[in-house]
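Q: I have a structure I would like to understand better, so I am pasting it below and will then ask my questions one at a time.
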Amino acid sequence: MITQAPVLIVVIPLLAAFFCPLIGLWRKGLCYSWVVITLLLCVLASIDTLFAVIRNGTIHYHLGGWLPPFGIEYVIDHLNAMMLIVVSIISLTVAIYSKPTVERELPKKVVYFYTVFLLQVTGFLGIVITGDLFNLYVFLEIASLAGYALIAVGEDGAPLATFRYIVMGTIGACFYLLGIGYIYIATGSLNMADVQQLLPKLYDSKVILTAIAFLLAGLAIKMALFPVHVWLPDAYTKAPSASSALIASLMTKISLYVMIRVLFTVFKPQLSTKLLPVTDIMVWAGFVAICGGAIMALAQTDFKRMLCYIVVAEVGYIVGGVGLANATAMKGAILHILNDAVMTAGLFTVAGIIMYKTGHHDLSDFKGLFKKMPFTMSAFVIGALSIIGVPPTCGFFSKWYLIQGAVIAEHWAFIAALLGSSLINVILFFRIIEIGYVFNVSNTGHVHNGSNTTIIDEAPLSMLIPTVSIAVAIILIGLYNQTILSNIIAYAVPKF
Amino acid sequence: MFEFIINYYNYWVYIGLMMIGFYAMMAKKNLIKKIIGMNIFQSAIIFFYISTSVKKGDITVPILEYTHGGSGAHAVDVMQYANPLPHVLMLTAIVVMVGTLGVALAVAIMIYRRYDTLEENEIIMNIRKGR
């Protein structure tokens, strides 16, 4: 085990991002391999850290040797060790996958795309690893700014969607900053563990009420909770395929992780469950998000846009699951963060392949695709089954724990929403499978605007292998969910 | 009531500024005005942080008072200096805000090049017309 591994996880992609444009000046084609090697090192460091955490418990890394309340501290417990693995492996997979689509969609911006891509991953990993509230804000903004840039270079209409995202995202980040400000005024500390020790005496004070309200409102915007999700569908639909696969699968999940951190590490669990009605509100917010997301998804004719609304509904699952406030539901919610990141990545990579081959991502583009690209479409079907929640795939198990938790909490409306949205997902995906199987296009050409007559066949291997391996991961996570639960997630659940 | 407003005037100022920025971000149709609103909103938060670290009365600069070779080791009293941490935090936040402003302006330029206008309703009309 390397003792410096925790800091390396963040430093490697950050430094690599600085060198990426220089390498691009010399040899444009090297950027891709540079990114893949960097992220591979990140994955190794994260795996090393995960095993260290499983063996020895929580790791505290003091940056520059400054002791906690004064210096910045990286804290890695079971929850963020898992998140680190999720972030680094998904970004590596998307990086491997990205080569053909980036070269096709952004031929002149390959170097800059990969530079910002690395900064984006740095932001994600930093948010997950840090144990300091203000440091988290800085990384949140690094991730958001890189995200704006990655989305803005997308297809027509992307700049306007990005502009709206910038306005909303800035409000979210500023609310988070205000929330930290109030905590700092009340306690004089920004270290999460220190704040948790100092705060309980002040739980009656209005300052803490304001702080928690600002923090959660800010994070709700960042995670696209239903009424404030309006920035998400436009931005993620119009982003380039590779960016939407990376950002859609990770950004919302990381904001959810921050929410869990704030509720159960910065504050003690009893504040949000007993003293304030935070969790009760969250269950209903989750209920509204599930219903809203599922119903809006039904109305879409664009595949990526439909996936975006499914992401909105999935955020509702996790927020509601955390809001149920018992160990089983919490287990389900954390497992669902992992599953949803993998499932969303899988479906968005499929969307990227279809965009690459047909030039569009409408539902009607699926016509006859099952015959033409069997591997891609089987990956798609596995992702779809997992979103619906069919047993051997991972989506089933997290939904199972969420429903069990809802039964324990006797929250019947939430169960109804969960089951209802699963049924809606069945309609959504079987509609696509029907289009793919039934409507066979007789000639080889898939005619769009009369000009595009390229033959649609299986995707290039560098796109296909990551997509298929995500599909395999979906099944493996499902089969080994007990191992993940008992070794990692069981320790991440707070004591209610 | 009046006392309450006077004693906490810094918070009232920051809330007022923040609401002005918020209004501009939400209600204005022009993208540049939205960006200006965003900046006012962020500056309000900087004012909030800075105003919390202010101390009145006999405030000194400890680093000047007790220089090397002066009266020797001297414990610095907390009540004698303004809290420096919020200032440091805000330096970082200013950097972040400048970054956000830069990205927002760059995106506004992209939009202007594409649609020849910065009015949101005209851009949406252009998109509807399919150009």
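Read-outs: derived from the displayed coordinates by stated rules, not from any lab. Values in this document were obtained by computation on a predicted structure and should not be read as measured data. Backbone-built Cβ (ideal geometry, glycine too); neighbour counts: all protein chains shown.
Q: Roughly how tilted is helix A:241-261, in degrees to the nearest 10 and between 0 and 90, from the longest Cα axis of chain A?
A: So the inclination is approximately 20 degrees.
Q: Still on this model: Compute the acute angle (0 to 90°) between the alpha-carbon long axis of helix A:394-408 and the principal axis of greatest extent of the alpha-carbon atoms of chain A; round to the nearest 10°.
A: It is inclined by approximately 40 degrees.
Q: Something else: Set the Förster distance to 25 Å, then compute FRET efficiency between residue A:104 and residue A:301 from the Cβ-Cβ distance, nearest 0.05. The partial results should precede the final answer.
A: Values: r = 24 Å, r/R0 = 0.94.
E between residue A:104 and residue A:301, to the nearest 0.05, is 0.60.
Q: While we're here: Would you mind calculating the gained length between residue A:30 and residue A:465 on full extension (0.36 nm times residue separation, minus the Cα-Cα distance), in nm to one decimal? Don't skip to the end; give the middle numbers.
A: Numbers: separation 435, 0.36 × 435 = 156.60 nm, distance 2.04 nm.
Gain on extension, residue A:30 to residue A:465, equals 154.6 nm.
Q: A further question on this structure: What does the C-alpha gyration tensor say about the overall shape of the protein assembly as shown? Classify as rounded when a/c is under 1.5, otherwise prolate if a/b is larger than b/c, or oblate. Don't skip to the end; give the middle numbers.
A: Details: a/c = 1.63, a/b = 1.46, b/c = 1.12.
Prolate, since a/c reaches 1.5 and a/b exceeds b/c.
Q: Set the Förster distance to 45 Å, then compute FRET efficiency between residue B:91 and residue A:490 from the Cβ-Cβ distance, nearest 0.05. Numbers along the way, then the final one.
A: Values: r = 42 Å, r/R0 = 0.93.
For R0 = 45 Å, the calculated efficiency reads 0.60.
Q: Which whole-Hz ³J(HN,Hα) couplings does the stretch A:200-210 yield from phi under the Karplus relation 6.51 cos²θ - 1.76 cosθ + 1.60, θ = phi - 60°, glycine and proline marked x?
A: Running phi through 6.51 cos²θ - 1.76 cosθ + 1.60 with θ = phi - 60° gives x, 5, 9, 4, 7, 6, 5, 4, 5, 4, 4 Hz.
Q: Using a 10 Å cut-off around each Cβ of peptide A:260-271, what is the average number of partner chain Cβ atoms that fall inside?
A: Mean inter-chain Cβ contacts per residue within 10 Å come to 0.
Q: Across peptide B:85-96, what mean number of C-beta atoms from other chains lies inside 10 Å of a residue's C-beta? Walk me through the numbers on the way to the answer.
A: On the way: counts 6, 3, 0, 1, 8, 2, 0, 5, 8, 0, 2, 10.
Counting other chains' Cβ atoms within 10 Å and averaging over B:85-96 gives 4.
Q: At residue A:457 and residue A:196, where each label point lies 7 Å from the Cα along Cα→Cβ, what is the point-to-point distance in nanometres?
A: Calculated label separation equals 5.6 nm.
Q: Normalising by the residue count of the stretch A:42-84, find the relative contact order in percent from Cα pairs under 8 Å and 6+ residues apart.
A: Details: 43 pairs, mean separation 16.8, N = 43.
Relative contact order here is 39 percent.
Q: Additional query: Relative contact order of chain B, please, whole-number percent, based on alpha carbon pairs below 8 angstrom and at least 6 residues apart.
A: Details: 102 pairs, mean separation 32.5, N = 131.
Once normalised by length, the contact order is 25 percent.
Q: Which whole number gives the average, over all residues in A:310-322, of C-beta atoms from other chains lying within 10 Å of the residue C-beta? Numbers along the way, then the final one.
A: Values: counts 0, 0, 0, 0, 0, 0, 0, 0, 0, 0, 0, 0, 0.
Averaged over the peptide's residues, the number is 0.
Q: For chain A, what's the relative contact order in percent, using C-alpha pairs closer than 8 Å and at least 6 residues apart? Please report the intermediate quantities before stating the final value.
A: Details: 859 pairs, mean separation 71.9, N = 496.
Computed value for chain A: 14 percent relative contact order.
Q: At a 10 angstrom cut-off on C-beta neighbours, averaged per residue, how do the peptides A:310-322, A:163-175 rank from highest to lowest? Write down the numbers at each step before the final one.
A: Details: A:310-322: 28.7, A:163-175: 23.2.
The peptides rank, most packed first, as A:310-322, A:163-175.
Q: While we're looking at this one, here's another question. Evaluate E = 1/(1 + (r/R0)^6) for residue A:209 and residue B:52, where r is the Cβ-Cβ distance and R0 equals 22 Å; express this FRET efficiency to the nearest 0.05. Could you put the intermediate results ahead of the total?
A: On the way: r = 18 Å, r/R0 = 0.80.
Once the sixth-power term is evaluated, E becomes 0.80.
Q: Most exposed first by the Cβ proxy, i.e. fewest other Cβ within 10 Å, how do A:73, B:3, B:120 rank?
A: On the way: A:73 21, B:3 7, B:120 18.
Listing A:73, B:3, B:120 from fewest to most nearby Cβ atoms yields B:3, B:120, A:73.
Q: Here is a further query. Can you give the net charge of the other residues whose Cβ lies under 10 Å from the Cβ of residue A:275, counting K and R as +1 and D and E as -1? Could you put the intermediate results ahead of the total?
A: Working: positive: A:268, A:274; negative: A:204.
Cβ neighbours under 10 Å give a net charge of +1.
Q: Past the 22 Å Cα-Cα mark, which pairs from A:99/A:238; A:372/A:399; A:331/A:495; A:253/A:399?
A: Values: A:99/A:238 19 Å; A:372/A:399 33 Å; A:331/A:495 12 Å; A:253/A:399 16 Å.
The pairs that break the limit, which is 22 Å between Cα atoms, are A:372/A:399.
Q: If you take every residue apart from residue A:488 with its C-beta less than 13 Å away from the C-beta of residue A:488, what net charge results, scoring Lys and Arg +1 and Asp and Glu -1? Don't skip to the answer; put the middle values down first.
A: Details: positive: A:55, A:331; negative: A:77.
Value of the local net charge: +1.
Q: A further question on this structure: Please list 3J(HN,Hα) in residue order for the stretch A:353-369, calculated via the Karplus relation 6.51 cos²θ - 1.76 cosθ + 1.60 where θ = phi - 60°; whole Hz, with x for glycine and proline.
A: 5, 5, 4, 5, 8, 9, x, 9, 9, 7, 5, 5, 6, 7, 3, x, 6
Q: What does the net charge come to around residue A:303 if you take all other residues with beta carbon closer than 9 Å to its beta carbon, with K and R at +1 and D and E at -1? Show your work: numbers first, answer last.
A: Working: positive: A:304, A:305; negative: A:302, A:362, A:365.
Neighbourhood net charge equals -1.
Q: Could I ask something else about it? Quick one: length gained pulling residue A:423 to residue A:327 fully straight, 0.36 nm per residue minus the C-alpha distance? Display every interim value, and only then the final one.
A: Numbers: separation 96, 0.36 × 96 = 34.56 nm, distance 2.61 nm.
Value of the extension gain: 31.9 nm.
Q: Compute the long axis of helix A:30-56 from its Cα atoms, compare it with the longest principal axis of the Cα atoms of chain A, and write down the angle in degrees, 0 to 90, nearest 10.
A: That works out to roughly 40 degrees.
Q: Once you sort the root eigenvalues of the Cα gyration tensor of chain B as a ≥ b ≥ c, which label holds: rounded (a/c under 1.5), prolate (a/b larger than b/c) or oblate (the other case)? Present the calculation step by step, with values, prior to reporting the outcome.
A: Details: a/c = 6.73, a/b = 2.24, b/c = 3.00.
Oblate.
Q: Is the stretch A:21-66 best put as rounded, prolate or oblate by its Cα gyration tensor, with a ≥ b ≥ c the root eigenvalues, rounded for a/c under 1.5, and otherwise prolate when a/b is larger than b/c, oblate when not?
A: Numbers: a/c = 8.24, a/b = 2.16, b/c = 3.81.
Since a/c reaches 1.5 but b/c is at least a/b, the shape of the stretch A:21-66 is classed as oblate.
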